[in-house]
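The values are calculated or read from the model by the stated rules, or taken from the named source; none is laboratory data. Computed from a predicted structure; not experimentally measured. Virtual Cβ from ideal backbone geometry, glycine too; neighbours counted across all protein chains shown. Each accessible area value is taken on the protein alone, full model and side chains, heavy atoms only, with ligands, DNA and RNA left out. Shrake-Rupley method; radii C 1.70, N 1.55, O 1.52, S 1.80 Å.
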Amino acid sequence: MNMEKIIWKDSFSVGNVDMDLQHQKLIEMINELIEQKDLSNNGEVVSDVLTKMTDYIKYHFTSEEAYMKKIDFPEIVSHELEHLDFIEKTTNFCLGTLTFDKSVYTELLEFLKEWLLNHILKSDMKYKEFAETL
């Protein structure tokens with residue numbers, strides 16, 4: 001599998017240092033998976049990273065949702081639904097890795113990379129604009 005690592009750019013910043021640092025940590029975890037030569041033969045590594053990522057994402061979502069409440073972000077409910085959808089899809093991928101379906105690894109990486117970048121650049125940017133008006 002040949003996938004480009006995610007490189008943090010200033011344009012990814014949501015205007016909150018804590019949220020940016022948490023997003024950078026998530027990118028590091030995805031890059032850790034991308035760096036693996038053959039994920040389908042490294043089930044244990046994938047499982048470890050996914051477990052860490054799942055734990056960290058729960059922490060991040062809780063922090064982000066608390067921040068959105070603090071700034072009275074009006075779209076918090078739809079944002080929380082996106083978070084729940086991510087957790088459900090990631091859980092399904094975790095289960096898929098247990099079946100040793102080789103295609104699940106490529107699909108997993110594509111999903112994680114696309115979801116995170118789209119979520120930061122579209123959904124999270126909405127609260128950046130709102131927070132800057134404070």
| query | Is there any pair linking a residue in region 17-38 that is on the phi < 0 side of the Ramachandran plot to one that is surrounded by 15 or more Cβ atoms within 10 Å (Cβ to Cβ) and polar (S, T, N, Q), with Cβ under 7 Å and at least six apart or on different chains, and which? | reply | ASP20/SER13; GLN36/ASN42
| request: Find the residue count for region 66-80, including only residues that are under 12 Å from ALA131 (Cβ atoms), among the hydrophobic types (A, V, I, L, M, F, W, C) and out of contact with any Lys or Arg (no Cβ under 8 Å at 6 or more places or on another chain). | output: 2
| Any idea how many residues of region 51-73 are modelled with pLDDT under 90 and β-branched (Val, Ile, Thr)? | 2
| Is it the case that some residue within region 99-106 is assigned to a helix (DSSP H, G or I) and either touching a Cys at 6+ places or on another chain (Cβ under 8 Å) or open to solvent by 60 Å² or more (accessible area, probe 1.4 Å) (or both)? | no
| message | I need every pair where a residue in region 40-59 that is assigned to a helix (DSSP H, G or I) has its Cβ under 7 Å from the Cβ of a residue that is at pLDDT 80 or above and among the basic types (Lys, Arg), sequence separation at least 6 or different chains. | response | TYR56/LYS25
| message | Given the criterion in a helix (DSSP H, G or I) and at pLDDT below 90, identify the matching residue among LEU117, LEU81. | response | LEU117
